[in-house]
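Contents: one structure, followed by commentary.
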């Protein structure tokens, strides 16, 4: 199982960009997908992000979370079918032939459209943030956020959260494998998966608390907030970064024009 939210060492186009350019990309793409309700535009944005991921050689890592996206997409569509029955009725989620409850949940055109809009928005945000995290080293992100005058406490909390997620994932897998090596058999199916959670969660939480204590002591020993820091490697904007920023400005301006003309 691949680690999530973990930096992948490659030499692709997205890796060569500075974190500032990637943050600008995330902001522009996120605003466009959140504001837009046009299915064609959102689908095109998904395809554009996948093309960028392919050019940057990150498409395999980005598509690793496709199962989660598929499950969440089905959940979004089912929720909208139940809670937002708008438009013409296409069919029924519960067949009419079933006694008593048959034909009770109508499948409407408006609900499907809203569900697809939520699905595309979720895909765009997940893919964009995955590309950002897969191609950005935490130290470079810290330096960039610090240059943007963000409070160091918030930067530290954000970076620690990003680093803890893949660490806890790997540790959870190791605990699960250790339980299986000791002969623990929770069973198969859905009930077996539920029963297997408790022997993993308890030691995982205990190790996380111990790790947080060690992390706090490490931060104090390294002189956190004792003075001005210097960096071994400074990231500066290159020609490709200016090109990406210019493209983001053009894309944002074009989107605003299309939005004003009510085309999208």
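Scanning for something at pLDDT 85 or above, outside the structural domain of residue 155 (by TED's automatic domain parsing) and within 16 Å of the chain's Cα centre (by Cα), does the range 6-18 turn up at least one residue?
Looking for residues that are at pLDDT 85 or above, outside the structural domain of residue 155 (by TED's automatic domain parsing) and within 16 Å of the chain's Cα centre (by Cα), one finds none in the range 6-18, hence no.
Quick test of your reading of the structure: residue 61 fulfils all but one of (1) out of contact with any helix residue (DSSP H, G or I) (no Cβ under 6 Å at 6 or more places or on another chain); (2) at pLDDT below 90; (3) more than 22 Å from residue 116 (Cα to Cα); (4) surrounded by 16 or more Cβ atoms within 10 Å (Cβ to Cβ). Name the failing condition by number.
For residue 61, the exception is condition (1).
For the range 52-67, what are the residues that are part of a helix (DSSP H, G or I) and touching a residue at least 24 places away in the same chain (Cβ under 8 Å)? Please lay out each step first, then the result.
As a first pass, look at the range 52-67 and keep what is part of a helix (DSSP H, G or I): 52-55, 59-67.
Those that are part of a helix (DSSP H, G or I) and touching a residue at least 24 places away in the same chain (Cβ under 8 Å): 52, 53, 55, 61, 62, 64, 65.
Please return the ranges of helices (runs of 4 or more DSSP H) entirely within the range 153-264 where 1 or more residues are surrounded by 10 or more Cβ atoms within 10 Å (Cβ to Cβ) and at pLDDT 80 or above.
Details: elements: 189-195, 198-221, 239-260.
Of the helices (runs of 4 or more DSSP H) lying wholly inside the range 153-264, those with at least 1 residues that are surrounded by 10 or more Cβ atoms within 10 Å (Cβ to Cβ) and at pLDDT 80 or above span 198-221, 239-260.
Of the numbered conditions (1) within 20 Å of the chain's Cα centre (by Cα); (2) assigned to a helix (DSSP H, G or I); (3) crowded, with 16+ Cβ neighbours inside 10 Å, residue 136 fails exactly one; give the number of that condition.
(2)
Of the conditions (1) in contact (Cβ under 8 Å) with a residue 40 or more places away in the chain; (2) more than 30 Å from residue 112 (Cβ to Cβ), residue 49 fails just one. Which one is it?
Checking residue 49 against (1) in contact (Cβ under 8 Å) with a residue 40 or more places away in the chain; (2) more than 30 Å from residue 112 (Cβ to Cβ), the one that fails is (2).
Six or more apart or on different chains, Cβ atoms under 9 Å: show the pairs whose first residue is in the range 120-131 and under 16 Å from residue 70 (Cα atoms) and outside the structural domain of residue 28 (by TED's automatic domain parsing) and whose second is at pLDDT 90 or above and not in a helix (DSSP H, G or I).
Listed pairs, sorted by first residue: none to list.
The values are calculated or read from the model by the stated rules, or taken from the named source; none is laboratory data. All of these numbers come straight from a predicted model, not from anything done at the bench. With ideal geometry, Cβ positions are generated from the backbone for all residues, glycine too; neighbour counts draw on all protein chains shown.
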